[in-house]
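The values are calculated or read from the model by the stated rules, or taken from the named source; none is laboratory data. Keep in mind that what you see is a predicted model, and the values were worked out from it rather than measured. Reconstructed Cβ throughout: ideal geometry from the backbone, glycine too, with neighbour counts over all protein chains shown. Side chains are part of the model used for accessible areas, which takes the heavy atoms of the whole protein and leaves out ligands, DNA and RNA. Shrake-Rupley method; radii C 1.70, N 1.55, O 1.52, S 1.80 Å.
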Amino acid sequence: MNLTIVGTGYVGLVTGVCFAEFGYSVKCIDKDSKRLEKLKSGKCPFYEPGMDELLDKHINKTKLISFDYTLQNNLNNSDIVFITVGTPTRRLEDEADLSFVWQVAEEIAENINKYCLVVTKSTVPVGTTREVKKIISNKVDEKLFDVVSNPEFLREGSAIDDFIRPDRVVIGTENKKSETIMKNLYRPLFLKETPIVSTSIETSEIIKYASNSFLATKIAFINEVADLCEVVGADVQQVAHAMGIDKRIGSKFLNAGPGFGGSCFPKDVKAFSSTAKKKNVELLIINAVNKSNQERIKKISDKIISNIKKNSTICFLGLSFKPNTDDVRDSTSIKIASKLFEKGYKLQCYDPEAMKNAKNENSNLFFFSSAYEACEGASAIIIGTEWNEFRALNFNKISKILKEKIIFDLRNIYIPEDLKKLGFEYYGTGK
Ligand code: UGA
């Protein structure tokens with residue numbers, strides 16, 4: 001099968017290399033020539049475990065992946081074209097900006113000359129895939145294409161594994177022909193007994209937003225429970241553990257912390273609610289989740305400020321929005337560090353992969369090349385992201401270089417008693 005993928009961002013590239021792993025021939029398209037040059041030389045433009053190896057394998061050895069900056073001459077050989085461009089939040093609004101999707105639809109319309117499936121994989125509000133169909137059918141005979149919605153459920157940091165061993169694959173189609181092609185595409189996963197959920201286009205589009213919004217709801221919920229735990233002296237980790245054993249609740253996404261961040265949840269809860277509003281449906285729970293998560297940054301920052309002397313130096317560990325990625329989009333760490341900087345603190349930061357992106361977000365922060373260097377002379381340590389390398393820090397060594405022994409373990413990766421024994425004033429989340 002020959003596949004074309006438009007957009008070499010996170011979703012597009014992971015999808016591309018993983019389909020190449022299945023043995024399909026993949027052409028990745030992107031207008032950004034700098035990015036394309038980097039990719040052609042086998043370098044992934046972002047940090048994702050396993051990507052460099054797979055890119056190298058499929059560019060240089062299997063030669064199943066290649067790159068181009070235009071769809072021209074690429075659709076005549078393609079069975080399926082995936083739209084994987086970004087759908088960021090529109091500035092000052094909550095809804096998704098679909099301008100890149102519309103541009104790709106126009107470009108597809110100009111270049112289709114034989115039957116091809118057009119698949120939206122970008123996270124798009126319900127109704128978008130039908131709009132894509134309208135745009136293409138303005139220029140192209142409807143017999144020459146079908147549209148499909150096929151949302152992704154990839155987590156940054158474990159995206160390759162999520163693609164190759166997914167919990168489910170969702171395909172939203174409007175006829176048997178396109179459903180059969182999509183099922184054939186995902187045959188390698190079907191053979192591994194992955195559930196393939198076949199739905200209408202609208203249902204598929206909703207599944208994506210409902211899934212992300214539900215996971216965000218779980219996080220916002222446990223974070224509010226954490227606030228109560230702190231006040232009454234309960235332990236949110238034990239609460240979450242006991243709740244999660246109940247199979248109806250499930251243990252995943254019940255880790256309390258500084259709130260959800262990243263390029264998906266914050267944007268998707270807003271867009272879900274905004275789409276519903278346009279249809280005169282009020283998603284009260286989702287609105288509350290958004291509000292609760294936004295207020296969390298202030299709550300956590302206030303807690304830190306009230307426990308650390310004004311104008312002192314703080315060591316901030318972990319800047320990416322989660323571990324195993326260099327992505328700092330909507331990172332709670334950057335937001336909290338920036339708030340503390342505004343209040344007059346000096347921030348000494350370290351992250352294993354995200355320093356370059358963090359510098360672009362806030363150049364007022366100071367950056368160091370190890371956790372220990374960032375601790376030097378600080379009056380407190382904040383662990384903002386639970387990278388593995390922060391899980392077993394040498395606190396005997398750290399004790400000697402800190403000015404004051406205060407730690408904010410925002411992700412609850414340490415046992416409070418262990419650090420208290422070493423003379424630390426310990427603040428976790430919800431305990
Ligand atoms: C999320 C979804 O998990 C994917 O299924 C989806 O495909 C993706 O969005 C997307 O729409 O593209 P991702 O944003 O990469 O993936 O990361 P998550 O692991 O879901 O974490 C999101 C945020 O929630 C992070 O800030 C994380 O620290 C936070 N989180 C997660 C918690 O605070 N507690 C938890 O228990 C879990």
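Numbers for the structure displayed
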item	result
1.4 Å probe accessible area per residue over the chain, in Å²	46
Normalised contact order of the stretch 46-117, rounded percent, pairs of Cα under 8 Å and 6 or more residues apart	31
Set Lys267/Lys431; Lys34/Lys397; Lys208/Lys299; Lys121/Lys143; Lys339/Lys421 screened for pairs whose C-alpha atoms are more than 32 Å apart	Lys34/Lys397
Given charges at beta-carbon only (K, R positive; D, E negative), |dipole| of the chain in Debye	340
Sparsely packed trypsin sites (Lys or Arg not before Pro) within the stretch 218-249, loop by DSSP, other Cβ within 10 Å at most 10	Lys247, Arg248
Stretchable slack from Lys38 to Lys63, in nm (0.36 nm times residue separation minus alpha-carbon distance)	7.4 nm
Only Lys, Arg (+1) and Asp, Glu (-1) charged, at Cβ; the stretch 208-299 dipole about Cα centre in debye	540
Calculated FRET efficiency for the pair Phe366/Leu422, C-beta based, R₀ 22 Å, to 0.05	0.30
Of the DSSP H helices in the chain, those whose Cα atoms cover at least 27 Å axially and whose Kyte score averages 0.5 or more	201-232
Mean-position separation - Cα centroids, the stretch 51-114 and the stretch 394-410, in angstrom	47
Percent accessible area from carbon and sulfur atoms, the chain, protein chains only, probe 1.4 Å	51
Residues with amide H under 5 Å from that of Ile382, placed H, sequence gap 5 or more	Cys315, Phe316, Leu317, Phe408
Centre separation in Å (Cα based) which lies between the stretch 290-349 and the stretch 139-195	38
Value at 222 nm in deg cm²/dmol, rounded to 500, when DSSP H runs of n ≥ 4 in the chain each add -39,500 (n - 2.57)	-13000 deg cm²/dmol
Protection proxy ranking of 223-234, 346-357 - average other beta-carbon atoms within 10 Å, highest first	346-357, 223-234
Within a Gaussian network of the chain (alpha carbon springs, distance under 10 Å), most fluctuating of Glu95, Glu106, Glu282	Glu282
Dipole of the stretch 289-391 [Lys/Arg +1, Asp/Glu -1 at C-beta], most positive-end residue of Ile305, Gly318, Tyr345	Ile305
Listed peptides 64-76, 112-124 by packing density, highest first (mean Cβ within 10 Å)	112-124, 64-76
Relative contact order (percent, whole number), the stretch 2-199, Cα cutoff 8 Å, 6+ residue spacing	19
Estimated FRET transfer efficiency (Lys31, Ile285; beta-carbon r; R0 60 Å; 0.05)	0.95
Sequence-separation-based contact order of the chain, relative, with Cα cut under 8 Å and 6+ spacing, percent	12
Top positive-direction residue, dipole computed over the stretch 209-295 with Cβ charges, set Ala240, Val269, Asn223	Val269
Computed E for Leu144/Asp227 - FRET, C-beta separation, R0 56 angstrom, nearest 0.05	0.50
Zone residues, the stretch 229-249, relative to Ser306, backbone N less than 17 Å from point 7 Å out along Cα-to-Cβ	229-234
